[in-house]
Amino acid sequence: MTHPSFMELALEEARKAANRGEVPVGAVLTGNDGQILARDGNRTLELHDPTAHAEMLVIRAASRALKSERLVGCHLYVTLEPCTMCATAISFARIERLYFGAYDEKAGAVENGVCFYMKPTCHFVPEVYGGIAETEASQMLKAFFAARRG
């Protein structure tokens, strides 16, 4: 599969999350061989867990599958710029590359906000590629929140 294909799968997970009433964010985590290790969407409401962001769920699932807390050589595709919690988990897991869709000026922590990977306290910095399928990811989020506002 190609990078756009993995992001399309992440967008599919985001649509599923929206259908569950969750904020539409989806993620796909691949191994260094391109094999999909995990894919999921936000489940904070369903699991009654504020940490059940799509990124956290796929990191946990991939770590269990590989029986390792380190995901060296893995690539993460997520539809929204990760928040501080998720950016930190990505660093701790040693994920090699992060691809994200929409930029998040309010809660993002990679290119916006705290810019976690630029801090001296960040021990591992992944390669970061933002704006992948940005328009579709952004439109999905805007439509979701517009519908919630009524």
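Structure summary
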read-out	value
The chain: mean projected area of Cα convex hull, nm²	8.2 nm²
Equivalent ellipsoid dimensions for segment 25-94 as semi-axes, Å, which come from the Cα gyration tensor, largest first	18, 12, 12
20 Å Cα-Cα reach of K106 towards aspartates and glutamates, excluding residues that sit fewer than 8 places from it in its own chain	E22, E55, E81, E134, E136
Distance (nanometres) between label positions extended 7 Å along Cα→Cβ at H48 and M118	4.0 nm
Apportionment of accessible area to carbon and sulfur, segment 1-70, percent (1.4 Å)	53 percent
Degrees, to the nearest 10: 3-19 long Cα axis against longest axis of the chain	50 degrees
Using alpha-carbon coordinates, inclination of helix 54-66 to the longest axis of the chain, degrees	40 degrees
Structure-based [θ]222 nm, the chain - -39500 (n - 2.57) summed over DSSP H runs of at least 4, per residue, nearest 500	-12500 deg cm²/dmol
Candidate lysines for bridging to K16, where Cα separation is under 21 Å - those fewer than 8 sequence places away on the same chain excluded	K142
Where R43, R149 fall by accessible area, highest first, once all protein chains stay in place (1.4 Å)	R149, R43
Contour minus Cα-Cα distance for K106 and R20 (0.36 nm per residue)	28.6 nm
Folded to 0 to 90 degrees: helix 134-149 orientation relative to the chain principal axis, Cα	50 degrees
K67-F92 pseudo-label distance in nm [points 7 Å out on the Cα-to-Cβ vector]	2.3 nm
Net charge contributed by nearby residues that have their C-beta within less than 10 Å of G21 (K/R +1, D/E -1)	0
Surface per residue (accessible, 1.4 Å probe) for segment 45-132, Å²	49 Å²
Debye intensity ratio I(q)/I(0), log10, segment 9-56, q values 0.19, 0.25, 0.32 Å⁻¹ (C-alpha model)	-0.53, -0.80, -1.08
Inter-centroid distance (Cα atoms) of segment 15-50 relative to segment 134-150, Å	17 Å
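The values are calculated or read from the model by the stated rules, or taken from the named source; none is laboratory data. Small disclaimer: the values here were computed from a predicted structure and weren't measured. When we count neighbours, we look across all protein chains shown, and the Cβ atoms used for this are built from the backbone with ideal geometry, even at glycine. Just so you know, the surface numbers come from the protein's heavy atoms only, side chains and all, with ligands and any DNA or RNA stripped out. Shrake-Rupley method; radii C 1.70, N 1.55, O 1.52, S 1.80 Å.
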